[in-house]
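> Okay, handing you the structure first.
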């Protein structure tokens, strides 16, 4: 499921396609499941490739796309199959989103590798410094870690913002054509095998 949207492989449509070819198969469900698994594998391969792309800031990777890959499931149904991507964190990358804080006044965006992938609450030595709004009106402060010693130097760890905008990534998912092709090729191979067995 991607934001309430699932990838369905409709058994009724597959049956019509088979009939149009003049092929008499009593139950195309096996082929439909094979086609759905091919779609799932295409999604997994796509997410595996994205997981290998280095972090844009040079930070250590959190494995986000690998976790998305691991959430892909294929569910057989009575007259078709459904392929779901069950990691809701994918939705902002597919559709775009504006993220706002729910339990605090600001979002803490990491600006150093040490903070990346960690909540600000992980650190017990952060100091909040209000900076006022920047030109965009979004940044309102920073969270800094106090260095050791009496005159410890502050190191900015997070920027505090009122919202974070995630732009839709047109490459977050494989193209519809790529998904259709993987399903179609798998289904065609299944039909070919069935015809040879007949």
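Coordinate-derived values only; no laboratory data. For clarity, every value in this text was computed on a predicted model and none was experimentally measured. Using ideal geometry, Cβ is built from the backbone for each residue, glycine included, and neighbour counts are taken over all protein chains shown.
> Based on the Cα coordinates of segment 31-144, what is the per residue volume of their convex hull in Å³?
142
> What distance in nm separates the simple spin-label points at residue 176 and residue 41, each placed 7 Å from Cα in the Cβ direction?
Once both label points are built, they end up 2.5 nm from each other.
> Quick one: check the C-alpha center-to-center distance for segment 167-196 versus segment 39-80, whole angstrom.
So the two Cα centres are separated by 16 Å.
> Gain in length, residue 169 to residue 105, computed as 0.36 nm per residue apart minus the alpha-carbon separation, to one decimal in nm?
Extending this stretch completely gives an extra 20.3 nm.
> Another question, then. Can you give the translational diffusion coefficient of segment 99-165 in µm²/s, computed by Stokes-Einstein from the Kirkwood radius over Cα pairs at 25 °C and 0.890 mPa s?
Once the numbers are plugged in, D ends up at 197 µm²/s.
> What is the extension gain from residue 112 to residue 188, computed as 0.36 nm multiplied by their sequence separation minus the C-alpha to C-alpha distance, in nm to one decimal?
Roughly 22.3 nm would be gained on extension.
> Relative contact order of segment 99-165: what whole-number percent is it, with Cα pairs under 8 angstrom and at least 6 residues apart?
40
> Return the FRET efficiency for the residue pair residue 57, residue 86: r is the Cβ-Cβ distance, R0 is 35 Å, and the value is rounded to the nearest 0.05.
0.80
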